[in-house]
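Scroll down for the structure; my scribbles are underneath it.
Every number in this text was worked out from the coordinates using simple rules, so none of it is lab data. Everything numeric here is computed off the predicted structure, so don't read it as measured data. No Cβ is skipped: glycine too gets one built from the backbone with ideal geometry, and neighbour counts run over all protein chains shown.
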């Protein structure tokens, strides 16, 4: 059995009188909190002027928190370089796609490509790592904060231009190879030298998508190398302490997997209510979901990201929403019980630590309307009681280790970029499609791993790969050799690595496995669906539809079949309505030898070994289906809105 998960909190001692720190620390421990994250925005407090340091406050904070029995996550403060540094090197500022500088006065105002800033980042990281690397209270690290937040993963500055040209030279070797890969014969876009190439912004119309894709790849590599510089410094000064970065939800501007290769912990910041609103702006708006789950969040959004990041390392939730936030279009109060439910959802998906943002509501600046666990007057905010309850519950259970799920969904950042750059319809949203299919599997009670295209496929019974735009020959071979049922489409294998159409048409190297090729696509407005056939019945398809030439596959005997079937592979020819997707996934699970469960609306379940954790995101009380047999450890078989039940299954 695994030891119970832990809870944490984000704390900013520099915001509060030092006389308050000890009582804050005691209150955290009394609430059952074990971890505290500090210092991620503290550079100007540590170094108020160049080479003028003020370490005493941070030394005292570490000592006060640690003496109280708390373990610390120490952060590098490079997300907020101070004003004096910007004044020293004004060209370190990032430039947006319209050519405007990202000015000082907020955060994340640097370019990853600026070598002068990189040296300063390494300098402050080394100073902090050397000072606290062997401190017994510092038990983990976080690099920077939310790479790319506020559209800062990409900068169109001179440093990025020079770096991009060098990167292209290394990738292609000769300019003729680049011209061929990008298809630059089109519109006479051929280049004579790598130094002729500009960044893909401010063009008359859209830039060559292959050019834009390579710039995203380059920018992602810059984030990886920036992060690795900090990791290497911390590892040398603080051996055997895990290093994390806190990623975000619904974020695609860099490849998180290549960054995670250099880290131990894949943390993320979970804000269910704001993310529900953001996702409703993507692809197909679901007014009923937004209404019913306004105060609980999308029942699959958090789960998907837990599984996504757990596939990259040890899963932590570094920031968990504890109450209303301040940055969404509307900032509602969570439903009673929702904070506890989100915490249980994280544990269900393998989180080692659930850390809440933040300890006390800030009285000033940009986030003063963002809730904490304490109000401004130091009284308890409502979320704190739910966290105390959650801490009591997890400490009284032996929670099994996570094991490999029977179902895998393949997610790929390059596929996300390709669908965004493809230009065929503004209504296609890669993550929304993946969430719909992931959600359809969960509506059938399935436990799912989210993996990358290079990950091991052994042991999976069902593999899902929607919109995997580029399929490598290696992945195609591994899918052919897999014993799993394959459910692909739409848009799978639609492009080559160089962002060209496959010579043998989509799905490219999967054509023989799928037994069909795609001959035409219909990119539709999301509010004007069309009819297709699934199991002889009409279903609605919106945003994207495809027409296929059958090779060895079969399909519904109609003009508009939703699916082709060939041996172990099925291919969805359109983005079907959610009711149909649930039926499609039920059939695929059965074909894979798995048992679907008919869950009530908004009820979700995830298994850890023989333990099943149920969460009810809906507005009504629901029953756990009778198909689940076992002992209820927490809660009841009737689950209230925003409620949780934990069972040990007997079969």
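What FRET efficiency comes out for the pair residue 636/residue 590, r = Cβ-Cβ distance, R0 = 30 Å, nearest 0.05? Computed FRET efficiency for residue 636 and residue 590: 0.50.
Counted over the range 243-344 with a bin width of 10 Å, the fraction of Cα pairs per bin, in whole percents, is 15, 47, 30, 8, 0.
Would you mind classifying the range 407-591 by shape? Square roots of the alpha carbon gyration tensor eigenvalues, ordered a ≥ b ≥ c; an a/c under 1.5 is rounded, otherwise it is prolate if a/b is larger than b/c and oblate if not. Judged from the Cα gyration tensor, the range 407-591 comes out rounded (a/c under 1.5). In terms of overall dimensions, the range 603-649 has a Cα radius of gyration and Dmax of 9.6, 29 angstrom. Between residue 527 and residue 166, the simple label model (points 7 Å from Cα in the Cβ direction) yields a spacing of 5.0 nm. For the pair residue 57 and residue 192 in one chain, pulling the backbone fully straight at 0.36 nm per residue adds 42.9 nm over the alpha carbon distance. Ranked by the mean number of other Cβ atoms within 10 Å of their residues, highest first, the peptides 465-473, 382-390 come out as 465-473, 382-390. Calculated from the alpha-carbon coordinates, the range 289-336 shows an Rg and a Dmax of 12.6, 34 Å respectively.
Highest mean packing comes first when the peptides 293-303, 598-608 are listed by Cβ atoms within 10 Å, giving 293-303, 598-608.
Peptide packing: for 123-129, 521-527, 42-48, the average count of neighbouring Cβ atoms within 10 Å per residue gives the ranking 123-129, 42-48, 521-527, highest mean first. The DSSP beta bridges internal to the range 34-239 are antiparallel in roughly 20% of cases. Cβ-to-Cβ counts within 10 Å put 121, 106 in ascending order as 106, 121, the fewest first. If you take every DSSP beta bridge fully contained in the chain, what fraction is antiparallel? Give it as a percent rounded to 5. Roughly 45 percent of the DSSP beta bridges within the chain come out antiparallel.
Across the chain, the mean sequence separation of Cα contacts (distance under 8 Å, 6 or more residues apart), normalised by length, yields a relative contact order of 11 percent. If you find the alpha carbon centre of the range 302-332 and of the range 544-563, how far apart are they in angstrom? First find each Cα centre; the distance between them is then 38 Å.
For the range 407-591, the share of DSSP beta bridges that are antiparallel, to the nearest 5, is 55%. Inverting the pair-averaged 1/r between distinct Cα atoms of the range 34-239 gives 18.8 Å as its Kirkwood hydrodynamic radius. Label separation (residue 225 vs residue 67): 4.5 nm, computed from points 7 Å beyond Cα along the C-beta direction. Extension gain for residue 385-residue 328 works out to 18.1 nm (0.36 nm per residue, less the C-alpha to C-alpha distance). Estimated from the Cβ-Cβ distance and a Förster radius of 51 angstrom, the FRET efficiency linking residue 552 and residue 240 is about 0.40. Shape class of the chain from the alpha-carbon gyration tensor: oblate, with a/c at 1.5 or above and b/c at least as large as a/b. Extension gain, residue 288-residue 177: 0.36 nm per intervening residue step, less the Cα-Cα distance, totals 34.9 nm.
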